[in-house]
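No value in this document is a laboratory result; all are computed from the given coordinates. Please read all numbers here as calculations on a predicted model, not as lab measurements. All Cβ positions, glycine included, derive from the backbone under ideal geometry; neighbour counts span all protein chains shown.
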Amino acid sequence: MMNYDELVSEYALHRMVHPEVLRALIVNGFLRPNSRVLDVGCGTGNYIMSISSIVNCSCWGVDLSRKMLEYARQRRHPVKLIQGNIESLHFASNSFDMVFSVDVIHHVQNRTHYINEAYRILKPGGKFCTVTDSEDVIRSRQPLSVYFPELVDIELRRYPSIAALRIWMEYAGFGALQEQFVEFTDNLMDIREYRERAYSALHLLPEEAFRQGVARMEADLQKGPIQRVSRYVLLWGTKVVQ
């Protein structure tokens with residue numbers, strides 16, 4: 001499992017909120033000032049702090065990494081931050097209106113237990129959202145899969161399929177499952193975040209493949225900006241009480 005204590009500097013510097021993911025979480029989560037929201041694997045707090053600032057609701061973030069949370073606490077935000085194992089969420093049942101994770105599910109060891117725990121701590125009618133990459137997204141990542149094609153097979157082994165996630169969610173009791181696709185495009189003027197491996201996938205590459213990919217990016221950047229297309233699948237479920 002990736003040790004994010006060792007990646008906090010690069011992560012904090014380069015990893016930003018995906019605006020369309022943030023918008024979808026707020027709108028499709030039906031968040032209001034009286035909502036209670038939990039971000040699982042919150043890292044440095046980008047998403048949960050943005051939600052707290054925009055909606056002004058009660059927010060919690062949980063993460064395994066002590067250093068990620070230390071950085072988040074330095075941001076002086078009212079979000080409640082807890083260090084802990086995301087597969088054992090020690091919250092009371094029926095506590096939250098929404099539980100979500102962004103770029104986290106592929107790091108979770110016991111995914112069914114985590115999903116069951118999310119169901120338990122959600123209020124009846126509460127929303128569960130997993131923001132992740134589908135097979136199509138992994139194969140078409142731009143620029144990652146373009147410049148580091150060796151990552152495709154590595155990532156397909158690392159990420160659970162959308163079909164598997166749906167089965168686990170249905171087994172846990174979630175209903176009204178929906179898939180939402182979001183996309184955001186911008187231009188890279190600098191590839192420092194790739195050179196510094198701010199993305200966990202880049203740490204899984206053989207050194208030679210990593211160096212070759214960076215060299216190709218640097219050569220193309222000399223010709224002009226590199227287009228980046230950031231895509232995600234949001235898999236939603238609602239806690240249905242029989």
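General remarks:
- Index of the failed condition, residue 218 passing every other in (1) over 30 Å from residue 96 (Cβ atoms); (2) part of a strand (DSSP E or B): (2)
- For the stretch 44-54, the criterion of being in contact (Cβ under 8 Å) with a residue 24 or more places away in the chain, buried (at least 22 other Cβ atoms within 10 Å of the Cβ) and not in a helix (DSSP H, G or I) is satisfied by at least one residue.
- Top-ranked residue in the stretch 98-120 [being among the β-branched types (Val, Ile, Thr) and crowded, with 21+ Cβ neighbours inside 10 Å; ranked as nearest to residue 166 (Cα to Cα)]: 115
- Filter result for residue 95 (touching a residue at least 40 places away in the same chain (Cβ under 8 Å), over 30 Å from residue 209 (Cβ atoms), touching a helix residue (DSSP H, G or I) at 6+ places or on another chain (Cβ under 8 Å) and surrounded by fewer than 20 Cβ atoms within 10 Å (Cβ to Cβ)): yes
- The number of residues in the stretch 100-144 being touching a helix residue (DSSP H, G or I) at 6+ places or on another chain (Cβ under 6 Å) and of a type in the set (S, T, N, Q) comes to 5.
- Qualifying residue in the stretch 186-205 (condition: touching a Phe, Trp or Tyr at 6+ places or on another chain (Cβ under 7 Å) and either under 21 Å from residue 24 (Cβ atoms) or exposed (fewer than 14 other Cβ atoms within 10 Å of the Cβ) (or both)): no
- Within the stretch 109-128, residues that are over 22 Å from residue 180 (Cβ atoms) have Cβ atoms under 7 Å from residues that are crowded, with 16+ Cβ neighbours inside 10 Å and β-branched (Val, Ile, Thr) in these pairs: 121/99, counting only partners at least 6 apart in sequence or on another chain.
- Odd one out for residue 221 among (1) within 29 Å of residue 164 (Cβ to Cβ); (2) out of contact with any Cys (no Cβ under 6 Å at 6 or more places or on another chain): (1)
- Looking only at residues of the stretch 213-227 that are in contact (Cβ under 8 Å) with a residue 60 or more places away in the chain and within 10 Å of residue 189 (Cα to Cα), we find that the one that is farthest from the chain's Cα centre (by Cα) is 226.
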